[in-house]
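What follows is a short report on a single structure.
The values are calculated or read from the model by the stated rules, or taken from the named source; none is laboratory data. Note that the structure is a prediction, hence the values are computed from the model and not measured. Using ideal geometry, Cβ is built from the backbone for each residue, glycine included, and neighbour counts are taken over all protein chains shown. What goes into the accessible areas is simple: the full protein's heavy atoms, side chains included, and nothing from ligands, DNA or RNA. Shrake-Rupley method; radii C 1.70, N 1.55, O 1.52, S 1.80 Å.
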Amino acid sequence: MTTVTLITKVDCHLCEVAREVIEAVVAELPDAAADEVSLEELPIESDPRLQERWWDKVPVVFVDDDLLGHWRIAPDRLREALLARA
């Protein structure tokens, strides 16, 4: 199982866009690969450590424990990372 972690803030437009990118990329994957992806959202407000590290970079996306990017997520990079783990 591959976990995509999205660190979000309340009322964050870029977070909504990142979520849409993640969902669209997963939907385009072959069924076997898509079935192995789970999305975990972490609200930054719930964890002081996340706030300290990532507050000014939200949204932040990890694939498993690897940082994929922050602010804007490139669909091609995400697709490549997910397919490499499939």
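The set of residues in the range 52-68 being in contact with a helix residue (DSSP H, G or I) (Cβ under 8 Å, 6 or more places away or on another chain) and either under 10 Å from Thr8 (Cα atoms) or among the β-branched types (Val, Ile, Thr) (or both) consists of Trp54, Trp55, Val58, Pro59, Val60, Val61, Val63.
Whenever a residue of the range 1-15 is assigned to a strand (DSSP E or B), its partners that are at pLDDT 95 or above and polar (S, T, N, Q), lying with C-beta atoms within less than 8 angstrom and at least six residues away or across chains, give the pairs Thr2/Ser38; Thr3/Ser38; Val4/Ser38. Against the conditions (1) open to solvent by less than 50 Å² (accessible area, probe 1.4 Å); (2) under 15 Å from Trp71 (Cα atoms); (3) out of contact with any strand residue (DSSP E or B) (no Cβ under 9 Å at 6 or more places or on another chain), Ile7 satisfies every one except (3). Those helices (runs of 4 or more DSSP H) of the range 17-86 in which at least 3 residues are out of contact with any Gly (no Cβ under 7 Å at 6 or more places or on another chain) and open to solvent by less than 30 Å² (accessible area, probe 1.4 Å), considering only elements entirely within it, cover 75-85.
Scanning the range 15-39 for residues that are more than 18 Å from Ala86 (Cβ to Cβ) and among the acidic types (Asp, Glu) yields Glu16, Glu20. When the range 20-39 is filtered for residues that are of a type outside the set (A, V, I, L, M, F, W, C) and more than 13 Å from Asp76 (Cβ to Cβ), the ones remaining, listed by number, are Glu20, Glu23, Pro30, Asp31, Asp35, Glu36, Ser38.
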